[in-house]
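The values are calculated or read from the model by the stated rules, or taken from the named source; none is laboratory data. Only a predicted model underlies this, so the values are computations on that prediction, with no experimental measurement involved. When we count neighbours, we look across all protein chains shown, and the Cβ atoms used for this are built from the backbone with ideal geometry, even at glycine. What goes into the accessible areas is simple: the full protein's heavy atoms, side chains included, and nothing from ligands, DNA or RNA. Shrake-Rupley method; radii C 1.70, N 1.55, O 1.52, S 1.80 Å.
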2 protein chains.
Amino acid sequence: MQLPPLVQTFVLHFGEMGSRWGINRTVGQIYALLFVAERALNADEIVERLGLSRSNVSMGLKELQAWNLVRLQHVPGDRRDYFATPDDIWQIVRTLVEERKKREVDPTLTLLREILMQEPGSPEERHAQARLREMHDLFELFSGWYTDVRRLDTDRLVQLLSLGAKVQRILEVKDRLRLVPGRRRGSPTASD
Amino acid sequence: MQLPPLVQTFVLHFGEMGSRWGINRTVGQIYALLFVAERALNADEIVERLGLSRSNVSMGLKELQAWNLVRLQHVPGDRRDYFATPDDIWQIVRTLVEERKKREVDPTLTLLREILMQEPGSPEERHAQARLREMHDLFELFSGWYTDVRRLDTDRLVQLLSLGAKVQRILEVKDRLRLVPGRRRGSPTASD
DNA sequence: TCGGATTTTCAGAAATTTCTGAAAACCCAG
DNA sequence: CTGGGTTTTCAGAAATTTCTGAAAATCCGA
(Lines give C-alpha, C1' and ligand atoms only; values in the text may rest on other atoms or scores of the structure.)
Protein backbone atom coordinates (compact mmCIF):
# COMPACT_ATOMS: atom_id res chain seq x y z
CA MET A 1 0.00 0.00 0.00
CA GLN A 2 1.76 3.10 -1.29
CA LEU A 3 -0.11 6.11 0.11
CA PRO A 4 0.61 9.33 1.97
CA PRO A 5 0.44 8.44 5.70
CA LEU A 6 -2.53 10.70 6.29
CA VAL A 7 -4.51 9.01 3.55
CA GLN A 8 -3.41 5.56 4.59
CA THR A 9 -4.70 6.08 8.13
CA PHE A 10 -8.09 6.99 6.81
CA VAL A 11 -8.24 4.22 4.22
CA LEU A 12 -7.40 1.56 6.78
CA HIS A 13 -9.91 2.88 9.31
CA PHE A 14 -12.64 3.12 6.74
CA GLY A 15 -11.91 -0.42 5.60
CA GLU A 16 -12.33 -1.67 9.17
CA MET A 17 -15.52 0.31 9.60
CA GLY A 18 -16.82 -1.05 6.33
CA SER A 19 -16.49 -4.59 7.58
CA ARG A 20 -18.63 -3.71 10.61
CA TRP A 21 -21.34 -2.82 8.16
CA GLY A 22 -22.30 -5.22 5.40
CA ILE A 23 -19.47 -3.90 3.21
CA ASN A 24 -16.24 -5.84 2.99
CA ARG A 25 -12.89 -4.41 3.89
CA THR A 26 -11.46 -3.89 0.43
CA VAL A 27 -14.61 -2.29 -0.91
CA GLY A 28 -14.42 0.12 2.00
CA GLN A 29 -10.79 0.89 1.22
CA ILE A 30 -11.49 1.51 -2.43
CA TYR A 31 -14.28 3.86 -1.54
CA ALA A 32 -12.16 5.71 1.00
CA LEU A 33 -9.41 6.14 -1.54
CA LEU A 34 -11.76 7.54 -4.15
CA PHE A 35 -13.36 9.82 -1.61
CA VAL A 36 -10.15 11.66 -0.83
CA ALA A 37 -8.65 11.51 -4.32
CA GLU A 38 -8.08 14.76 -6.19
CA ARG A 39 -9.24 13.24 -9.43
CA ALA A 40 -10.96 10.15 -10.76
CA LEU A 41 -8.79 7.00 -10.65
CA ASN A 42 -8.68 4.01 -12.94
CA ALA A 43 -8.58 0.43 -11.74
CA ASP A 44 -4.84 0.02 -12.15
CA GLU A 45 -4.15 3.11 -10.07
CA ILE A 46 -6.29 1.64 -7.32
CA VAL A 47 -4.48 -1.70 -7.58
CA GLU A 48 -1.15 0.05 -7.24
CA ARG A 49 -2.14 2.28 -4.34
CA LEU A 50 -3.93 -0.36 -2.28
CA GLY A 51 -1.93 -3.43 -3.23
CA LEU A 52 -4.94 -5.53 -4.24
CA SER A 53 -5.31 -7.86 -7.19
CA ARG A 54 -6.76 -6.47 -10.35
CA SER A 55 -9.77 -8.81 -10.20
CA ASN A 56 -10.51 -7.86 -6.63
CA VAL A 57 -10.61 -4.20 -7.57
CA SER A 58 -12.85 -4.98 -10.50
CA MET A 59 -15.35 -6.69 -8.24
CA GLY A 60 -15.12 -3.97 -5.63
CA LEU A 61 -15.88 -1.31 -8.19
CA LYS A 62 -18.76 -3.34 -9.53
CA GLU A 63 -20.21 -3.47 -6.04
CA LEU A 64 -19.78 0.25 -5.49
CA GLN A 65 -21.50 0.90 -8.78
CA ALA A 66 -24.38 -1.34 -7.77
CA TRP A 67 -24.74 0.91 -4.73
CA ASN A 68 -24.62 4.02 -6.90
CA LEU A 69 -21.75 5.19 -4.77
CA VAL A 70 -19.24 5.87 -7.55
CA ARG A 71 -19.58 7.56 -10.89
CA LEU A 72 -17.89 6.24 -13.99
CA GLN A 73 -15.93 8.82 -15.96
CA HIS A 74 -13.89 8.87 -19.13
CA VAL A 75 -10.73 10.74 -19.94
CA PRO A 76 -10.54 11.85 -23.60
CA GLY A 77 -8.09 9.72 -25.55
CA ASP A 78 -7.92 7.08 -22.81
CA ARG A 79 -9.91 3.89 -23.07
CA ARG A 80 -9.75 3.02 -19.40
CA ASP A 81 -12.62 3.60 -16.99
CA TYR A 82 -12.12 6.18 -14.28
CA PHE A 83 -14.04 6.25 -11.04
CA ALA A 84 -14.93 9.03 -8.65
CA THR A 85 -17.25 9.81 -5.77
CA PRO A 86 -19.68 12.71 -6.04
CA ASP A 87 -18.15 16.04 -5.05
CA ASP A 88 -21.16 16.91 -2.95
CA ILE A 89 -20.96 14.99 0.30
CA TRP A 90 -24.67 15.42 0.90
CA GLN A 91 -25.33 13.62 -2.32
CA ILE A 92 -23.34 10.74 -0.90
CA VAL A 93 -25.40 10.71 2.27
CA ARG A 94 -28.61 10.72 0.28
CA THR A 95 -27.51 7.82 -1.89
CA LEU A 96 -26.36 5.82 1.09
CA VAL A 97 -29.61 6.23 2.95
CA GLU A 98 -31.69 5.62 -0.15
CA GLU A 99 -29.91 2.37 -0.97
CA ARG A 100 -29.98 1.03 2.57
CA LYS A 101 -33.66 1.80 2.78
CA LYS A 102 -34.27 0.00 -0.49
CA ARG A 103 -32.31 -3.08 0.58
CA GLU A 104 -33.15 -3.31 4.24
CA VAL A 105 -36.12 -1.29 5.35
CA ASP A 106 -38.46 -1.89 2.44
CA PRO A 107 -38.12 -5.69 2.33
CA THR A 108 -38.54 -5.83 6.10
CA LEU A 109 -41.70 -3.75 5.91
CA THR A 110 -43.06 -6.06 3.22
CA LEU A 111 -42.33 -9.10 5.33
CA LEU A 112 -43.89 -7.56 8.42
CA ARG A 113 -47.04 -6.70 6.52
CA GLU A 114 -47.30 -10.27 5.29
CA ILE A 115 -46.90 -11.63 8.78
CA LEU A 116 -49.56 -9.27 10.10
CA MET A 117 -52.03 -10.53 7.49
CA GLN A 118 -51.82 -14.09 8.79
CA GLU A 119 -54.30 -15.52 11.25
CA PRO A 120 -52.58 -16.30 14.54
CA GLY A 121 -53.03 -19.95 15.53
CA SER A 122 -52.21 -19.61 19.20
CA PRO A 123 -51.88 -17.06 22.00
CA GLU A 124 -48.14 -17.21 21.44
CA GLU A 125 -48.58 -16.22 17.81
CA ARG A 126 -51.09 -13.58 18.76
CA HIS A 127 -48.55 -11.99 21.06
CA ALA A 128 -45.80 -12.22 18.44
CA GLN A 129 -48.04 -10.44 15.99
CA ALA A 130 -48.79 -7.66 18.44
CA ARG A 131 -45.09 -7.21 18.96
CA LEU A 132 -44.40 -7.21 15.25
CA ARG A 133 -47.13 -4.68 14.71
CA GLU A 134 -45.22 -2.36 17.01
CA MET A 135 -42.12 -2.90 14.92
CA HIS A 136 -44.08 -2.38 11.73
CA ASP A 137 -45.52 0.89 12.94
CA LEU A 138 -42.09 2.06 13.99
CA PHE A 139 -40.64 1.32 10.57
CA GLU A 140 -43.58 3.01 8.91
CA LEU A 141 -43.04 6.09 11.02
CA PHE A 142 -39.38 6.32 10.07
CA SER A 143 -40.11 5.49 6.49
CA GLY A 144 -42.75 8.18 6.21
CA TRP A 145 -40.54 10.73 7.91
CA TYR A 146 -37.78 9.91 5.49
CA THR A 147 -39.81 10.16 2.29
CA ASP A 148 -40.91 13.52 3.59
CA VAL A 149 -37.53 14.86 4.60
CA ARG A 150 -35.68 13.52 1.60
CA ARG A 151 -37.33 16.21 -0.51
CA LEU A 152 -35.85 19.06 1.48
CA ASP A 153 -32.99 20.80 -0.23
CA THR A 154 -29.67 20.54 1.50
CA ASP A 155 -29.67 24.00 3.03
CA ARG A 156 -32.96 23.39 4.75
CA LEU A 157 -31.78 20.01 5.92
CA VAL A 158 -28.66 21.46 7.48
CA GLN A 159 -30.71 24.19 9.07
CA LEU A 160 -33.02 21.61 10.55
CA LEU A 161 -30.19 19.51 11.90
CA SER A 162 -28.46 22.54 13.38
CA LEU A 163 -31.65 23.46 15.12
CA GLY A 164 -31.59 20.12 16.92
CA ALA A 165 -33.94 19.81 19.84
CA LYS A 166 -34.80 23.47 19.68
CA VAL A 167 -37.50 22.35 17.31
CA GLN A 168 -39.14 21.06 20.42
CA ARG A 169 -40.18 24.58 21.33
CA ILE A 170 -42.35 24.59 18.28
CA LEU A 171 -44.10 21.50 19.49
CA GLU A 172 -44.67 23.10 22.85
CA VAL A 173 -46.29 26.05 21.16
CA LYS A 174 -48.39 23.70 19.10
CA ASP A 175 -49.59 22.03 22.28
CA ARG A 176 -50.47 25.33 23.85
CA LEU A 177 -52.37 26.40 20.78
CA ARG A 178 -54.23 23.14 20.75
CA LEU A 179 -55.61 23.95 24.19
CA VAL A 180 -57.20 27.12 22.87
CA PRO A 181 -60.82 26.25 22.00
CA GLY A 182 -62.45 26.97 18.67
CA ARG A 183 -59.20 26.81 16.76
CA ARG A 184 -59.72 26.41 13.00
CA ARG A 185 -57.91 24.08 10.53
CA GLY A 186 -54.51 25.04 9.13
CA SER A 187 -50.99 25.08 10.46
CA PRO A 188 -51.04 26.34 14.03
CA THR A 189 -47.39 27.39 13.87
CA ALA A 190 -45.46 30.56 14.23
CA SER A 191 -46.95 31.86 11.04
CA ASP A 192 -50.22 32.49 12.84
CA MET B 1 -36.03 -25.11 14.62
CA GLN B 2 -39.37 -25.72 16.32
CA LEU B 3 -41.36 -22.51 16.08
CA PRO B 4 -44.81 -21.34 15.03
CA PRO B 5 -44.53 -20.57 11.28
CA LEU B 6 -45.26 -16.90 11.78
CA VAL B 7 -42.45 -16.58 14.27
CA GLN B 8 -40.08 -18.66 12.21
CA THR B 9 -40.52 -16.41 9.18
CA PHE B 10 -39.57 -13.41 11.23
CA VAL B 11 -36.66 -15.09 13.00
CA LEU B 12 -35.12 -16.23 9.74
CA HIS B 13 -35.54 -12.84 8.09
CA PHE B 14 -34.10 -11.02 11.05
CA GLY B 15 -31.15 -13.39 11.09
CA GLU B 16 -30.43 -12.59 7.45
CA MET B 17 -30.79 -8.89 8.06
CA GLY B 18 -28.46 -9.14 11.03
CA SER B 19 -25.72 -10.55 8.86
CA ARG B 20 -26.01 -7.55 6.55
CA TRP B 21 -25.13 -5.44 9.57
CA GLY B 22 -22.17 -6.32 11.74
CA ILE B 23 -24.29 -8.82 13.69
CA ASN B 24 -24.03 -12.52 12.86
CA ARG B 25 -26.95 -14.61 11.84
CA THR B 26 -27.50 -16.56 15.04
CA VAL B 27 -27.25 -13.50 17.24
CA GLY B 28 -29.91 -11.92 15.06
CA GLN B 29 -32.10 -14.98 15.40
CA ILE B 30 -31.76 -15.07 19.16
CA TYR B 31 -32.69 -11.45 19.38
CA ALA B 32 -35.68 -11.87 17.09
CA LEU B 33 -36.90 -14.78 19.18
CA LEU B 34 -36.64 -12.83 22.41
CA PHE B 35 -38.32 -9.85 20.83
CA VAL B 36 -41.52 -11.70 20.02
CA ALA B 37 -41.51 -13.98 23.08
CA GLU B 38 -44.33 -13.67 25.59
CA ARG B 39 -41.94 -14.10 28.49
CA ALA B 40 -38.23 -14.20 29.24
CA LEU B 41 -36.49 -17.35 27.96
CA ASN B 42 -33.55 -19.27 29.35
CA ALA B 43 -30.65 -20.48 27.28
CA ASP B 44 -31.93 -24.04 26.94
CA GLU B 45 -35.27 -22.84 25.66
CA ILE B 46 -33.46 -20.85 23.00
CA VAL B 47 -31.32 -23.87 22.09
CA GLU B 48 -34.41 -25.98 21.68
CA ARG B 49 -36.40 -23.45 19.66
CA LEU B 50 -33.59 -22.41 17.30
CA GLY B 51 -31.65 -25.65 17.08
CA LEU B 52 -28.29 -24.14 17.99
CA SER B 53 -25.62 -25.54 20.25
CA ARG B 54 -25.65 -24.54 23.86
CA SER B 55 -22.29 -22.83 23.60
CA ASN B 56 -23.33 -20.85 20.57
CA VAL B 57 -26.35 -19.52 22.43
CA SER B 58 -24.18 -18.63 25.38
CA MET B 59 -21.89 -16.55 23.19
CA GLY B 60 -24.80 -14.97 21.37
CA LEU B 61 -26.37 -13.88 24.64
CA LYS B 62 -23.08 -12.54 25.85
CA GLU B 63 -22.84 -10.41 22.73
CA LEU B 64 -26.39 -9.13 23.10
CA GLN B 65 -25.65 -8.22 26.68
CA ALA B 66 -22.53 -6.35 25.61
CA TRP B 67 -24.82 -4.32 23.36
CA ASN B 68 -27.27 -3.74 26.21
CA LEU B 69 -29.94 -5.21 24.01
CA VAL B 70 -31.24 -7.85 26.41
CA ARG B 71 -32.01 -7.74 30.10
CA LEU B 72 -31.14 -10.57 32.43
CA GLN B 73 -33.99 -11.75 34.64
CA HIS B 74 -34.46 -14.35 37.34
CA VAL B 75 -37.41 -16.55 38.08
CA PRO B 76 -37.89 -17.22 41.80
CA GLY B 77 -36.83 -20.74 42.70
CA ASP B 78 -35.01 -21.25 39.40
CA ARG B 79 -31.29 -20.86 39.17
CA ARG B 80 -31.17 -20.41 35.42
CA ASP B 81 -30.75 -17.05 33.74
CA TYR B 82 -33.68 -15.73 31.76
CA PHE B 83 -33.37 -13.15 29.00
CA ALA B 84 -35.79 -10.63 27.59
CA THR B 85 -35.86 -7.53 25.42
CA PRO B 86 -37.25 -4.28 26.82
CA ASP B 87 -41.02 -4.00 26.48
CA ASP B 88 -40.75 -0.48 25.20
CA ILE B 89 -39.68 -0.59 21.59
CA TRP B 90 -38.45 2.99 21.73
CA GLN B 91 -36.05 1.99 24.44
CA ILE B 92 -34.67 -0.55 22.01
CA VAL B 93 -34.22 2.07 19.33
CA ARG B 94 -32.44 4.37 21.74
CA THR B 95 -30.05 1.64 22.87
CA LEU B 96 -29.30 0.60 19.33
CA VAL B 97 -28.48 4.11 18.20
CA GLU B 98 -26.50 4.86 21.33
CA GLU B 99 -24.34 1.77 20.97
CA ARG B 100 -23.70 2.21 17.29
CA LYS B 101 -22.72 5.79 17.86
CA LYS B 102 -20.33 4.74 20.61
CA ARG B 103 -18.70 2.06 18.48
CA GLU B 104 -18.72 3.64 15.07
CA VAL B 105 -19.32 7.36 15.01
CA ASP B 106 -17.25 8.41 18.01
CA PRO B 107 -14.05 6.54 17.06
CA THR B 108 -14.36 7.83 13.51
CA LEU B 109 -14.72 11.40 14.74
CA THR B 110 -11.64 10.95 16.91
CA LEU B 111 -9.65 9.64 13.99
CA LEU B 112 -10.81 12.42 11.70
CA ARG B 113 -9.81 15.04 14.24
CA GLU B 114 -6.35 13.50 14.52
CA ILE B 115 -5.92 13.51 10.78
CA LEU B 116 -6.99 17.13 10.57
CA MET B 117 -4.35 18.12 13.11
CA GLN B 118 -1.53 16.84 10.90
CA GLU B 119 0.44 19.07 8.58
CA PRO B 120 -0.20 18.08 4.97
CA GLY B 121 3.05 17.26 3.15
CA SER B 122 1.78 17.61 -0.40
CA PRO B 123 -1.06 19.06 -2.43
CA GLU B 124 -2.54 15.59 -2.53
CA GLU B 125 -2.62 15.45 1.26
CA ARG B 126 -3.96 18.96 1.44
CA HIS B 127 -6.86 17.96 -0.75
CA ALA B 128 -7.47 14.79 1.23
CA GLN B 129 -7.62 16.85 4.42
CA ALA B 130 -10.11 19.27 2.93
CA ARG B 131 -12.27 16.34 1.94
CA LEU B 132 -11.99 14.78 5.37
CA ARG B 133 -12.88 18.06 6.98
CA GLU B 134 -16.15 17.93 5.08
CA MET B 135 -16.75 14.47 6.44
CA HIS B 136 -15.79 15.55 9.92
CA ASP B 137 -18.19 18.46 9.86
CA LEU B 138 -20.94 16.22 8.62
CA PHE B 139 -20.40 13.75 11.44
CA GLU B 140 -20.27 16.60 13.95
CA LEU B 141 -23.55 17.91 12.66
CA PHE B 142 -25.27 14.55 13.02
CA SER B 143 -23.62 13.92 16.33
CA GLY B 144 -24.74 17.26 17.72
CA TRP B 145 -28.25 16.81 16.42
CA TYR B 146 -28.40 13.43 18.06
CA THR B 147 -27.19 14.48 21.50
CA ASP B 148 -29.85 17.14 21.33
CA VAL B 149 -32.71 14.99 20.16
CA ARG B 150 -31.89 12.07 22.39
CA ARG B 151 -33.15 14.04 25.36
CA LEU B 152 -36.65 14.40 23.95
CA ASP B 153 -39.19 12.16 25.57
CA THR B 154 -40.75 9.60 23.30
CA ASP B 155 -44.03 11.40 22.76
CA ARG B 156 -42.27 14.49 21.50
CA LEU B 157 -40.04 12.39 19.31
CA VAL B 158 -42.98 10.66 17.70
CA GLN B 159 -44.69 13.99 17.25
CA LEU B 160 -41.62 15.35 15.52
CA LEU B 161 -41.30 12.36 13.23
CA SER B 162 -44.98 12.45 12.35
CA LEU B 163 -44.61 16.07 11.46
CA GLY B 164 -42.01 15.11 8.85
CA ALA B 165 -41.14 17.79 6.36
CA LYS B 166 -43.92 20.00 7.64
CA VAL B 167 -41.30 21.28 10.04
CA GLN B 168 -39.96 23.04 7.01
CA ARG B 169 -42.69 25.63 7.33
CA ILE B 170 -41.17 26.70 10.57
CA LEU B 171 -37.88 27.34 8.87
CA GLU B 172 -39.63 29.40 6.25
CA VAL B 173 -41.14 31.49 8.98
CA LYS B 174 -37.79 31.83 10.61
CA ASP B 175 -36.35 33.13 7.34
CA ARG B 176 -39.11 35.66 6.98
CA LEU B 177 -38.59 36.87 10.53
CA ARG B 178 -34.89 37.21 9.88
CA LEU B 179 -35.65 39.70 7.12
CA VAL B 180 -37.43 41.97 9.59
CA PRO B 181 -34.89 44.68 10.58
CA GLY B 182 -34.06 45.57 14.17
CA ARG B 183 -34.75 42.13 15.50
CA ARG B 184 -33.15 41.60 18.92
CA ARG B 185 -31.19 38.63 20.30
CA GLY B 186 -33.00 35.50 21.43
CA SER B 187 -34.86 32.79 19.64
CA PRO B 188 -36.87 34.22 16.80
CA THR B 189 -39.16 31.20 16.84
CA ALA B 190 -42.76 30.57 17.58
CA SER B 191 -42.15 31.03 21.27
CA ASP B 192 -41.83 34.80 20.77
C1' DT C 1 -16.89 -28.07 52.05
C1' DC C 2 -19.42 -30.86 48.77
C1' DG C 3 -22.26 -31.85 44.77
C1' DG C 4 -25.31 -30.92 41.33
C1' DA C 5 -27.01 -27.45 38.26
C1' DT C 6 -25.71 -23.95 35.23
C1' DT C 7 -22.77 -21.03 32.43
C1' DT C 8 -18.44 -19.99 30.14
C1' DT C 9 -14.38 -20.96 27.66
C1' DC C 10 -11.74 -22.50 23.97
C1' DA C 11 -9.36 -25.43 20.50
C1' DG C 12 -10.42 -27.36 16.49
C1' DA C 13 -14.06 -28.34 12.73
C1' DA C 14 -17.19 -26.49 9.56
C1' DA C 15 -19.04 -22.93 6.91
C1' DT C 16 -18.70 -18.72 4.70
C1' DT C 17 -16.51 -14.96 2.65
C1' DT C 18 -12.87 -12.89 0.34
C1' DC C 19 -9.19 -12.93 -2.84
C1' DT C 20 -6.42 -14.39 -6.76
C1' DG C 21 -4.57 -15.78 -11.34
C1' DA C 22 -5.71 -17.33 -15.58
C1' DA C 23 -8.75 -17.31 -19.16
C1' DA C 24 -12.62 -15.41 -21.52
C1' DA C 25 -15.13 -11.55 -23.11
C1' DC C 26 -15.41 -7.10 -24.62
C1' DC C 27 -14.39 -3.06 -27.28
C1' DC C 28 -12.81 -0.03 -30.57
C1' DA C 29 -9.18 1.95 -33.76
C1' DG C 30 -7.10 0.81 -37.78
C1' DC D 1 -12.27 -8.31 -39.64
C1' DT D 2 -7.94 -8.07 -36.56
C1' DG D 3 -5.22 -7.12 -32.58
C1' DG D 4 -3.96 -4.92 -28.57
C1' DG D 5 -5.66 -2.81 -24.59
C1' DT D 6 -9.08 -3.25 -21.07
C1' DT D 7 -12.56 -5.33 -18.07
C1' DT D 8 -15.08 -9.30 -16.33
C1' DT D 9 -15.69 -13.88 -14.90
C1' DC D 10 -14.93 -17.78 -12.19
C1' DA D 11 -12.92 -21.96 -10.03
C1' DG D 12 -10.10 -22.87 -6.56
C1' DA D 13 -6.96 -21.06 -2.66
C1' DA D 14 -6.59 -18.40 1.35
C1' DA D 15 -8.43 -16.03 5.13
C1' DT D 16 -11.89 -15.18 8.28
C1' DT D 17 -15.89 -16.09 10.87
C1' DT D 18 -18.96 -19.02 13.01
C1' DC D 19 -20.10 -23.09 15.42
C1' DT D 20 -19.46 -27.14 18.30
C1' DG D 21 -18.40 -30.51 22.00
C1' DA D 22 -15.85 -31.27 25.81
C1' DA D 23 -13.86 -29.54 29.70
C1' DA D 24 -13.36 -25.97 33.05
C1' DA D 25 -15.29 -22.55 35.90
C1' DT D 26 -18.91 -20.69 38.62
C1' DC D 27 -22.55 -20.60 41.74
C1' DC D 28 -25.39 -21.81 45.50
C1' DG D 29 -28.05 -24.72 48.69
C1' DA D 30 -27.37 -28.10 51.99
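General observations
- With a cut-off of 12 Å between beta carbons, the residues surrounding B:Glu98 carry a summed charge of +3, where Lys and Arg count +1 and Asp and Glu -1.
- The calculated Kirkwood hydrodynamic radius for the range A:19-138 is 17.1 Å, given to one decimal from all distinct C-alpha pairs.
- Space enclosed by the convex hull of the alpha-carbon atoms of the protein assembly as shown, per residue, Å³: 217
- Working note: Debye formula, equal point scatterers on the alpha-carbon atoms of the range A:89-179, no solvent; log10 I(q)/I(0) at q = 0.19 Å⁻¹ is -0.96.
- With the whole protein complex present, B:Lys102 retains an accessible surface near 110 Å², based on a 1.4 Å probe.
- Our analysis of the range A:5-84 gives Rg over Rh at 0.95, with the two radii drawn from alpha carbon positions and Rh computed by the Kirkwood formula.
- Across the identical copies, how the B:Glu119 labels are spaced - nm, sorted shortest first, 7 Å along Cα→Cβ: 7.8
- Using a 7 Å projection from Cα along Cα-to-Cβ, the label point at B:Arg100 is separated from the same position in the remaining copies by 0.4 nm, smallest value first.
- Between A:Lys101 and A:Arg25, the modelled label-to-label distance comes to 3.4 nm, taking each label 7 Å out from Cα in the direction of the beta carbon.
- Accessible surface of the protein assembly as shown [probe 1.4 Å, protein heavy atoms]: carbon and sulfur percent: 52
- Amide H to amide H, with H built 1.01 Å from N, B:Phe83 comes under 5 Å of B:Leu41, B:Asn42, B:Gln73, counting only residues 5 or more places away or on other chains.
- Taking A:Arg94, A:Arg126, A:Arg71 in turn, the Gaussian network model of chain A (Cα-Cα springs below 10 Å) assigns the largest fluctuation to A:Arg126.
- Ligands, DNA and RNA excluded, the heavy atoms of B:Val105 present near 40 Å² of accessible surface to a 1.4 Å solvent probe.
- A Förster distance of 41 Å, applied to the separation of the beta-carbon atoms of B:Asp153 and A:Glu38, puts the FRET efficiency at 0.30.
- A:Ser58 contributes an accessible area of around 50 Å² to the protein surface, as traced by a 1.4 Å probe with all chains present.
- Accessible surface calculations at 1.4 Å, restricted to protein heavy atoms, place chain B at 55 Å² per residue.
- Legend: distances between Cα atoms for A:Lys102/A:Lys166; B:Lys102/B:Lys166; A:Lys102/B:Lys101; pairs beyond 25 Å are A:Lys102/A:Lys166; B:Lys102/B:Lys166.
- In order along the range A:144-152, the phi-based Karplus estimate (6.51 cos²θ - 1.76 cosθ + 1.60, θ = phi - 60°) of 3J(HN,Hα) comes to x, 4, 5, 4, 6, 6, 4, 6, 4 Hz; Gly and Pro are listed as x.
- Sequence-ordered 3J(HN,Hα) estimates for the range A:70-79 from the Karplus curve with 6.51, -1.76 and 1.60 and θ = phi - 60° stand at 10, 9, 8, 10, 10, 9, x, x, 10, 7 Hz, glycine and proline given as x.
- Summed buried accessible area for A+B [probe radius 1.4 Å, Å², rounded to 100]: 6900
- Positive minus negative residues near A:Asp44 (Lys, Arg vs Asp, Glu; Cβ under 13 Å): 0
- Inter-copy separations for A:Ser19, label at 7 Å along Cα-Cβ, nm, ascending: 1.8
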